[in-house]
Structure formats: C-alpha cells, structure tokens
1. Among residues belonging to the stretch 101-119 that are open to solvent by 100 Å² or more (accessible area, probe 1.4 Å) and of a type outside the set (D, E, K, R), point out the one that is farthest from LEU153 (Cα to Cα).
2. Looking at this structure, is ILE136 modelled with pLDDT of 85 or more and within 30 Å of ALA220 (Cβ to Cβ)?
3. If THR161 meets every condition in (1) part of a helix (DSSP H, G or I); (2) surrounded by fewer than 15 Cβ atoms within 10 Å (Cβ to Cβ) apart from one, which number is that one?
4. What pairs come out if I take residues in the stretch 74-90 that are touching a residue at least 12 places away in the same chain (Cβ under 8 Å) and open to solvent by less than 50 Å² (accessible area, probe 1.4 Å) and pair them with residues that are aromatic (Phe, Trp, Tyr) and assigned to a helix (DSSP H, G or I) whose C-beta lies under 6 Å away, six or more apart or interchain?
5. For residues in the stretch 216-239 being assigned to a helix (DSSP H, G or I) and surrounded by fewer than 15 Cβ atoms within 10 Å (Cβ to Cβ), which is nearest to the chain's Cα centre (by Cα)?
6. Looking at the stretch 123-133, can you tell me whether even one residue there is assigned to a helix (DSSP H, G or I), within 17 Å of MET99 (Cα to Cα) and at pLDDT below 90?
7. Any residue that is more than 23 Å from the chain's Cα centre (by Cα) and without any contact (Cβ under 8 Å) to a residue 40 or more places away in the chain - is there at least one of those in the stretch 245-260?
Amino acid sequence: MFRRWFSQTGWRHLVGVAVVIFAAFPLVYVFSASLNPGGTLVTANTLFGNLSLSSYVDLFNRPQQPFAAWYVNTLFIGFSASAGSVLLGALAAYAFSRMRFTGRRFGLITILLVQMFPQLLAMVAIFLLMLSIGEIFPAIGLNSQIGLILVYLGGALGVNTYLMYGFFNTIPTSIDEAARIDGAGHARIFFTIILPLVSPILAVVALLSLVATLSEFVIASVLLRDPERQTLAVGLYQFISQETSQNWSIFAAGAVLAAIIPVALFLALQRYIVSGLVAGSVK
C-alpha cells in the first residue's frame, strides 16, 4: 500500500518539500543574518544564534548612507516605471492587435529581435545619450530619476508589448465592432472596454516591471551619482563594496526591508499571474 502511494503521489510530496527547503533557506539565512549584530556572515552561520534589532536601527541612523531616501526613491522609480510600462505596452499591443497597417508584422518581429539583446549592451550609448540630453534638459539627463525612468520604459516596451499582444488577441473583435456601431472611438474602446477585460495581463506586466526595476543595479549605478538620488540596489551595495568596512548584517537588514513591497504585491496579485501568463499563450 505504501509503495503504491509513494509511486503515484508520495514522491511528489518529497520533491515539493525539497523545493520548498531549497527556496526558503536563502530567505531564512538572510533574515537570520539581519538579526545578528556581528556584521559578518561567519558569525551568522548559526541560524538565529544571536538576536538583535541593532542592524535595523543602524540602517536609519547613517547620514552618509540615507536608507530612507533610497527606499522612497526606489518606490517612486519602480511604481512610475511600472505604470508607464503598463500604459505604453497596452497602447502598443492594442495597436498591433486591433489595427491593420503597413509594417505591422515587421514591427512585431523587430520588437522581438531587439529584445534578444540585453539593455546592458547599450550601456555606453545610454550614458553618452543621457549626458548629451542633460546638457539641454538637465531634468531628464544624467543623475536624474526621471531620466532613469525613461530608460527603463524604453527597455521594457518591447517585451511587454509582445506579451500583451498575445492576450489582446484573445479578446473577440466583435466587442470592438459592437462598440464602434454605438459610436465609440478607439480611445473609448481601449480605456473603457478593453483594459478591464485584460486586467490579468496588466497585473502581470506591472508586477514583473516593478520587480525588475527594484532589483536593477547596473544602469542605476551609472546614471545616478548623488547618494540622495540612488536606489536601494545601488545604495545597499555600499555596505559590502569596501573590504575594510563590510557590514553584512546591515546589508541583510536592508535586503529584508526591500523585499517587503514586491512580496506583498506578489501575494496580492497572485490570482492574476497564472491566468495572465497562460491566457495569452493561445490564440
């Protein structure tokens, strides 16, 4: 009886437990390191051996390393880039899905091919471009959060458009035709009819864009120079970048606090994630 149960179902439980342990151990270790006042990872090897909130207190009492400002900057940049990615991607996907124009197929293929090359390859070009723009429009140039948001929007537009395009195709065109007979234009159809129907993919794109923005390091470290303008990913690196002043406890505490927002959003939007990713895979 046990062998039959194990061959049919039991081995799946063992695999599930192993995956949960493998995924949860780094999280538990980081949380344990944040509560260890030693400042090194060696002293944190014993999980929850020393418990103290001093790292969390010190995190907000460092004038040269303004964690609170980094947190606010990250939320502003992340939510702005996420909202912009959703809006621009939805507009582009609606155009490719509902309108027929010259170059439509070529545009879709071009978007897909361009996204095969990571944005990191254009880092030098982005830096020089933002430097030149800053000489004319300082508000969106180098060392500007608005400029960084625009860079993120440009990098995410292609993949988001292609992801939404498949979902938009699942919405019957008869809905558009009925609304057009009643006198609705493209703008009204898009904002009042189509967007509510594609809310699952909007939630997925918003969450993916937010997580990618919150964890992005290279572009933010190059474009943002002032400590007061930097994001969490760039700022937290200062705690471990210098060999003589590494403090892994404070770094772990900052990482734990930085993970609260994406985890909360993931739990709130998880019912949209599966439907949003799967529904667009079939036409």
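1. Residues of the stretch 101-119 that are open to solvent by 100 Å² or more (accessible area, probe 1.4 Å), as a first pass: 102, 105-106, 116-117.
Imposing the further condition that a residue be of a type outside the set (D, E, K, R) reduces the set to 102, 106, 116-117.
Details: THR102: 25, PHE106: 21, MET116: 16, PHE117: 16 Å.
Filtering the stretch 101-119 for residues that are open to solvent by 100 Å² or more (accessible area, probe 1.4 Å) and of a type outside the set (D, E, K, R), the one farthest from LEU153 (Cα to Cα) comes out as THR102.
2. Numbers: modelled with pLDDT of 85 or more: yes; within 30 Å of ALA220 (Cβ to Cβ): yes.
Taking the combined requirement at face value, the residue satisfies it.
3. Unmet condition: (2).
4. As it stands, the answer is ALA81/TYR152, since those pairs meet every condition given.
5. From the stretch 216-239, those assigned to a helix (DSSP H, G or I) are 218-223, 227-229, 232-236, 238-239; that's our starting set.
The next check asks that each one be surrounded by fewer than 15 Cβ atoms within 10 Å (Cβ to Cβ); those that pass are 218, 228.
Working: VAL218: 14, GLU228: 22 Å.
Across the stretch 216-239, the extreme among qualifying residues is VAL218.
6. Within the stretch 123-133 (the criterion being assigned to a helix (DSSP H, G or I), within 17 Å of MET99 (Cα to Cα) and at pLDDT below 90), the answer is no, since none of the residues qualifies.
7. For the stretch 245-260, residues more than 23 Å from the chain's Cα centre (by Cα) and without any contact (Cβ under 8 Å) to a residue 40 or more places away in the chain: present.
Residues checked against (1) under 18 Å from GLN246 (Cβ atoms); (2) of a type in the set (Lys, Arg); (3) modelled with pLDDT of 85 or more:
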{"site": "ILE21", "(1), (2), (3)": "no, no, yes"}
{"site": "PHE25", "(1), (2), (3)": "no, no, yes"}
{"site": "LEU35", "(1), (2), (3)": "yes, no, yes"}
{"site": "THR46", "(1), (2), (3)": "no, no, no"}
{"site": "LEU51", "(1), (2), (3)": "no, no, no"}
{"site": "SER55", "(1), (2), (3)": "yes, no, yes"}
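The values are calculated or read from the model by the stated rules, or taken from the named source; none is laboratory data. All values reported here derive from a predicted model rather than from experimental measurement. With ideal geometry, Cβ positions are generated from the backbone for all residues, glycine too; neighbour counts draw on all protein chains shown. The protein model used for the area step is the full one, side chains on, heavy atoms only, and it has no ligands, DNA or RNA in it. Shrake-Rupley method; radii C 1.70, N 1.55, O 1.52, S 1.80 Å.
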